[in-house]
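The values are calculated or read from the model by the stated rules, or taken from the named source; none is laboratory data. Because the structure is a prediction, the values reported are computed rather than measured. Quick reminder, even Gly has a Cβ in these numbers, built from the backbone with ideal geometry, and neighbours come from all protein chains shown. Areas reflect the complete protein model, heavy atoms only, side chains present, ligands, DNA and RNA absent. Shrake-Rupley method; radii C 1.70, N 1.55, O 1.52, S 1.80 Å.
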Amino acid sequence: INAEYGAANLSMGSILSYMAGGATDPEVQLQLHLLPTGSPPDDTSNQRSGRVGYCFSGGGTRAFTCTLGYLRALHHAGLLRSDDLLSCVSGGSWACNAFAFGAASEGTLLGGPPLPPSSLTRSTLQEPKAGYLGTAATAGVLKELLELAMTEKWNQIWLDAIAQTFLEEYGIPSDATFTSSEQAANEIRARNPGVANIIWPKPGRPQPVTNATLIGPSSAAPFRTHTMLPLEITPEFTGVSGTHQVTYDSATARPTPYTIGGRVETLGFGSELAEGDANTANASTSSLFSLKQAIGFSSAAFAVAAGSVAGTDILAPPIRYWSPDEVGAHGTDGSADGFVDLSETTEMLCGDGGSLENFGLVPMLRRGIERVVVFVDTSTPLSLDLKRGAPLQLGQIDMFLPGLFGLEFEGMDGQYWLNKGCDVSHNLVFADGENQFWDMVQQLQHKKRSGVAVTAQSHLHVLPNEFWGLEGGTQVEVCWVYLEAVPEWHQHLPQDVRDLLSDPDEDLFQNFPHYSTVHQNSGFSLLQLTMEQVNLLSHLCSWVCEQGGILDFVGETN
């Protein structure tokens with residue numbers, strides 16, 4: 001580390017600054033709207049029947065890069081509409097939020113139009129472009145983390161490093177709170193004169209739905225077992241769908257029941273509650289909820305593990321939490337489980353949305369969206385040995401797909417995944433799951449054997465799911481897009497690029513397209529990719545989007 005970045009210089013001043021947590025801003029008084037459980041999602045009013053939900057999976061800079069490629073093709077085809085939704089997790093959330101809020105034009109942010117494989121020469125792949133989001137994947141996030149660790153509170157360094165890399169470099173003020181439009185911002189300011197710094201997606205761009213996980217109260221950490229809940233962040237409202245009565249299994253603290261559920265206007269998520277009822281609340285905060293927190297929470301893959309080991313919970317990003325459902329049920333005069341009274345909050349640890357569901361699919365189902373595209377930007381190649389009736393083995397298919405259909409990998413039940421910091425046991429959302437799963441798999445395998453873009457289409461009936469606040473009873477058309485090497489694309493690449501891809505001793509494109517989520521490259525790279533790696537993968541994904549039937553699937557409704 002010294003050789004790479006220079007010796008660390010820890011002064012007593014920096015230590016005291018870290019312990020104190022830095023200066024705080026003046027308190028802002030807030031009047032907030034609430035959406036208790038049972039209310040429709042905030043972004044379903046005035047929607048056209050043909051709106052599309054795009055789901056971009058997690059997977060670090062691999063998923064970030066893939067998402068840029070898909071967005072490039074969709075934008076170039078004119079298929080991204082302002083009332084469509086970009087549901088995103090982890091690395092996918094970095095790309096979707098930077099695209100939605102980025103100051104530059106869509107073409108600049110996405111690096112220009114899609115290029116055919118024959119145009120992807122070494123010089124083209126190496127070319128940096130001003131304002132191109134792909135450059136963020138080449139940044140030294142580990143260096144940022146090490147530098148911030150000298151001066152910042154440790155539970156903030158991930159948020160700050162990710163914000164600097166994926167937001168600030170593109171003219172997006174990461175500490176600003178955010179909403180859905182200029183009109184919404186003006187309405188917020190009219191109720192809350194103390195709110196000044198607020199941003200919204202650029203006109204015409206889809207709204208992001210960022211998915212994270214509520215891990216549990218910091219006072220109960222370390223946890224012996226986890227009871228994680230899905231945290232959904234939109235420009236208008238943020239919170240947990242469904243009302244949950246939870247007692248966290250702490251290794252050190254006494255069991256305390258909590259009521260978790262409902263959504264609060266996003267700028268006030270993390271505020272201190274003063275009073276409220278079912279639909280409104282008065283609160284105060286010295287720090288409005290920010291875009292930095294949204295994408296930092298969604299991608300904090302280490303947070304669940306950190307909450308399991310004594311002393312390391314200081315790494316997990318926290319948020320002050322109070323339950324809108326509990327406020328609606330009792331008002332601010334009654335008592336609430338888990339709180340001394342409703343004017344008090346508890347500090348909750350937050351983490352990666354992929355700890356529960358790595359696609360952001362369920363929030364689209366909850367909205368009743370009839371056509372959804374799921375981009376599975378996985379590190380796991382699809383096995384052609386996977387056969388109907390045979391036990392599912394880990395490593396044969398992306399680990400998050402079977403659970404949506406009620407299937408498990410052999411020998412890996414819910415407790416196995418909890419021990420790994422994941423919980424996929426609540427994810428059954430599709431009827432006739434076994435048949436539908438195998439039909440999807442066979443379509444994907446057929447495309448892979450044929451050497452073309454690996455996609456499948458399913459017509460599915462949605463089941464009720466109390467954990468996710470999903471009523472069910474609807475139907476959905478899903479286009480599955482599975483990340484794979486595509487010989488039809490590969491054969492048109494320039495010869496020197498093909499040689500690099502096929503050389504087992506060449507590290508540059510090792511694992512392509514399934515780059516490792518961390519440490520794809522040697523040294524202190526952590527999440528870092530090279531410009532060539534970014535451009536080759538993103539243009540593969542653009543090509544898949546154009547040639548794999550996705551544009552036709554979306555165009556039928558748009």
Under the definition of Cα pairs under 8 Å and six or more residues apart, what whole-number percent is the relative contact order of the stretch 203-262?
-> 32
How would M228, M412 line up by accessible area, probe 1.4 Å, largest first?
-> M412, M228
Going down the table (K292/K420; K387/K420; K143/K420; K129/K153; K292/K447; K129/K448), which pairs top 31 Å between alpha carbons?
-> K129/K153; K292/K447; K129/K448
DSSP beta bridges in the chain [antiparallel fraction, %, rounded to 5] = 70
At a 1.4 Å probe, what is the % contribution of carbon and sulfur to the accessible area of the stretch 433-556?
-> 45
Heavy-atom accessible surface of the stretch 99-244: percent carbon and sulfur, 1.4 Å | 53
Counting only DSSP loop positions in the stretch 428-481, the GluC sites (Glu not before Pro) whose Cβ has at most 16 other Cβ atoms within 10 Å are E466, E471
Take every Cα pair under 8 Å in the chain that's 6+ residues apart, average their separations, divide by the length, and report that relative contact order as a whole percent.
-> 21
Result for the chain: accessible area per residue, probe 1.4 angstrom, in square angstrom, of 38
With everything on Cα atoms, drop me the angle between helix 157-166 and the longest principal axis of the chain, reported from 0 to 90° to the nearest 10.
-> 50
For the chain, with only Lys/Arg (+1) and Asp/Glu (-1) charged at the beta-carbon, what is the dipole magnitude about the Cα centre, in debye rounded to 20?
-> 700
I172 accessible area, nearest 10 Å², 1.4 Å probe?
-> 0
Top positive-direction residue, dipole computed over the chain with Cβ charges, set L32, F178, M228 | F178
For E106, what charge total do you get from the other residues with a beta carbon under 11 Å from its beta carbon, if Lys and Arg give +1 and Asp and Glu give -1?
-> +3
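Compute the signed sum of charges (Lys and Arg +1, Asp and Glu -1) over the other residues within less than 13 Å, Cβ to Cβ, of Y416.
Net charge in that neighbourhood comes out at -3.
Defining a contact as two alpha carbons under 8 Å apart and six or more residues distant in sequence, what relative contact order in percent does the stretch 397-467 show?
Worked out over the stretch 397-467, it gives 32 percent.
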